Every structure is written in structure tokens, then in C-alpha cells.
Amino acid sequence: MAKISRYNGNLQAFGSTSQGTERTVFGALTQDDTLDANITADFLRGWGIISASENPTKQDFNGLAFTLGQLIAYLHQRGVPEWNTAQEYYAGSVTTTLSGVYRLKAGGTGSSNPDTDGGVNWESISAAASEAVAGRAEIATQTETNTGTDDLRFVTPKKLKNWVKQATESVLGMLKVATQAQTNAGDSDTVVVTPKKLRWGFSILLDDNGYIAFPSWLGGLIIQWGNSLSGTYSFPVAFLVRGFVGVMADAVINNQTTSGFSVDSVTQYTINSSASSSSSLNYWIALGH
């Protein structure tokens with residue numbers, strides 16, 4: 001079916017300029033131009049009001065055509081019919097009031113006044129959009145997007161892309177998240193480090209035999225400490241590359257003299273001491289990475 005061109009004028013109902021009683025209310029003898037007066041019980045029954053031996057009158061035909069045409073003319077005037085409490089509505093029905101345009105929600109009660117409904121049954125499709133109300137809004141201009149102070153307009157992807165700037169010490173903008181490799185290298189000034197990347201590689205054990213392991217971007221230094229009797233032991237944590245140096249307190253404790261500490265490997269160390277009980281432990285510290 002081809003598109004029907006709109007009537008180029010002010011649409012009026014059939015018989016709207018009839019004179020006298022050339023047109024009457026369907027099934028009656030009086031004339032009235034209001035829809036309320038024309039949509040009667042006889043109108044709803046239709047031609048059943050005419051007996052088999054009667055013929056419909058010109059006035060009835062004019063009244064019928066006028067009423068139907070007046071309904072169409074009303075829709076041309078309003079576009080969307082006004083809400084009425086007696087009208088049956090279904091989910092998705094659209095209606096208007098002097099305050100706006102509304103759509104009935106699924107399961108909503110159409111007889112509830114949209115203006116005082118509070119959004120329980122009807123949702124506004126003409127109200128201005130906000131954080132709490134779904135509605136309409138204008139598109140922000142590029143200047144409004146750049147300024148960033150308007151909270152009534154929305155930003156399109158194009159405007160957002162044109163706004164995005166590389167952040168610097170003096171320019172507010174956006175930055176990419178640094179990779180772990182960039183964090184470790186420490187030579188990029190155009191990316192941002194997250195707490196996770198910052199802490200990666202750092203660990204600590206605060207105990208009698210413990211350690212602090214710094215992340216690789218701080219050189220990967222590992223400091224370990226502890227106390228032991230004479231013998232060979234495992235470090236609290238293995239050095240990743242090698243142990244640099246280990247030192248031990250050189251003192252006489254309970255008549256026991258310490259004599260030496262050595263880093264044997266990335267995992268073990270040896271203490272040479274005459275200390276033989278827990279009352280004369282040897283205290284040491286080792287560095288590596």
C-alpha cells in the first residue's frame with residue numbers, strides 16, 4: 001500500500017457544515033456537534049435500531065459519518081488522544097495530558113491518572129531526563145562537552161572523542177594504564193600506574209626469621225634476617241638471582257663466640273659458631289636480589 005498524503009488543510013468531519021436537521025444524532029431527531037452527544041447507545045448498537053420494515057434516514061447516515069469523521073479530526077488535532085479514566089488501556093498504550101506524554105507500563109492500571117500516578121503505572125516519555133527519570137534530553141554541543149558544567153544534556157561518542165585529551169602535569173585529560181613492563185622500566189611519562197602494578201613483586205614477612213622483598217622496579221632488592229644456631233639453613237625466602245652478602249653479630253653470648261656467616265646459594269646460608277643452645281642464638285642479616 002502506497003503512503004497516503006496528508007490532507008492539506010484543516011480536516012473536518014463529514015457533514016460538519018450541514019444545515020438544520022440535515023444531520024442528526026444517530027437514531028435521534030436532534031443535532032449536536034460534540035462527540036459525547038453523538039456516541040450514544042444507539043450509535044454503539046448500530047443499524048440494529050432500524051426494523052426490517054424501515055429504511056435508514058439521510059439524517060442517520062449523516063450522523064454516523066459525522067461521528068466517525070469527528071473522531072478522525074480529533075486525532076488530527078491532538079496527535080495522541082488525551083487520557084480519560086473510562087478508556088481501556090493496555091501495556092504500551094500512549095496518552096497525553098496537559099503535563100506531558102505517557103506510556104502505560106506492563107501490568108499497569110490505565111485508569112490511574114498519569115499526572116498524579118508518580119510513575120507507578122504510567123511512565124513519562126516527554127519529561128526531561130535525569131538520574132531518576134527516563135525522558136528526553138538535548139545533545140550537548142562540543143563547547144558544552146569541553147566545559148563540563150551542563151548536567152541536562154547528553155554527550156555523543158563523537159563529542160566525547162573530540163574532548164579526550166592526553167593528561168599532563170598541567171592538562172586535565174585521560175591516561176592509559178601502564179603495563180607491568182612499563183611500570184618496571186619506569187621510563188614512560190604518559191601512562192598511569194595502578195595499585196596492583198605498584199605492589200607487584202613486593203612481599204614481606206615480619207617475623208623472627210623474615211624478609212622484605214622489593215619490586216623489580218625498585219631493583220628487586222631482598223633483605224632477610226633471622227637467628228640460628230651453628231649449621232646450614234634455608235633462607236626465609238629464596239633470592240631470585242643471588243645473595244650479595246650476609247653479616248652476623250660478632251659477639252660472645254653466654255661464653256659462646258660466633259665465628260662466621262656465609263651465603264651458600266640463593267636458598268641456603270651457613271653459620272659457623274660454637275653457640276649450642278637457644279639462649280645463645282646467632283643474629284644475622286643478608287642482602288640479595
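Remarks
- For F43, the conditions (1) assigned to a loop (DSSP other than H, G, I, E, B); (2) surrounded by 12 or more Cβ atoms within 10 Å (Cβ to Cβ) are fulfilled apart from (1).
- Leading residue by the ranking (nearest to R6 (Cα to Cα)) among those in the range 62-98 that are among the small types (G, A, S) and part of a helix (DSSP H, G or I): A73
- Checking K159, K197 one by one, the residue that is surrounded by 12 or more Cβ atoms within 10 Å (Cβ to Cβ), at pLDDT 85 or above and assigned to a helix (DSSP H, G or I) is K159 and no other.
- Boolean, S112 is among the hydroxyl-bearing types (S, T, Y), in a loop (DSSP other than H, G, I, E, B) and modelled with pLDDT under 95: no
- Any hit, the range 79-101, residues being among the charged types (D, E, K, R), in contact with a Ser or Thr (Cβ under 7 Å, 6 or more places away or on another chain) and at pLDDT below 95: no
- Count - residues of the range 179-195 that are within 19 Å of G220 (Cα to Cα) and not polar (S, T, N, Q): 6
- Check on T40, modelled with pLDDT of 95 or more, within 57 Å of the chain's Cα centre (by Cα), more than 27 Å from A127 (Cα to Cα) and polar (S, T, N, Q): yes
Rundown of residues vs (1) surrounded by 15 or more Cβ atoms within 10 Å (Cβ to Cβ); (2) in contact with a strand residue (DSSP E or B) (Cβ under 8 Å, 6 or more places away or on another chain); (3) not charged (D, E, K, R), yes/no style:
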| site | (1), (2), (3) |
| --- | --- |
| D36 | no, no, no |
| N62 | yes, no, yes |
| G69 | yes, no, yes |
| Q77 | no, no, yes |
| E88 | no, no, no |
| P114 | yes, yes, yes |
| W122 | yes, yes, yes |
| I125 | no, yes, yes |
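- Positions within the range 174-191 being surrounded by 14 or more Cβ atoms within 10 Å (Cβ to Cβ) and touching a residue at least 24 places away in the same chain (Cβ under 8 Å), in sequence order: T183, N184
- Against the numbered list (1) touching a helix residue (DSSP H, G or I) at 6+ places or on another chain (Cβ under 7 Å); (2) modelled with pLDDT of 85 or more; (3) of a type in the set (A, V, I, L, M, F, W, C), I253 comes up short only at (2).
- Residue pairs whose Cβ atoms lie under 9 Å apart, separated by 6 or more positions or on different chains, with the first residue in the range 258-277 and of a type in the set (A, V, I, L, M, F, W, C) and modelled with pLDDT under 85 and the second assigned to a loop (DSSP other than H, G, I, E, B) and surrounded by 14 or more Cβ atoms within 10 Å (Cβ to Cβ), are A275/L229; A275/S230; A275/L281.
- V171 fulfils the conditions (1) closer than 24 Å to G243 by Cα; (2) loosely packed, with under 13 Cβ neighbours inside 10 Å; (3) hydrophobic (A, V, I, L, M, F, W, C) except for a single criterion, (1).
The values are calculated or read from the model by the stated rules, or taken from the named source; none is laboratory data. None of the values given here were measured: they were computed from a predicted structure. Quick reminder, even Gly has a Cβ in these numbers, built from the backbone with ideal geometry, and neighbours come from all protein chains shown.
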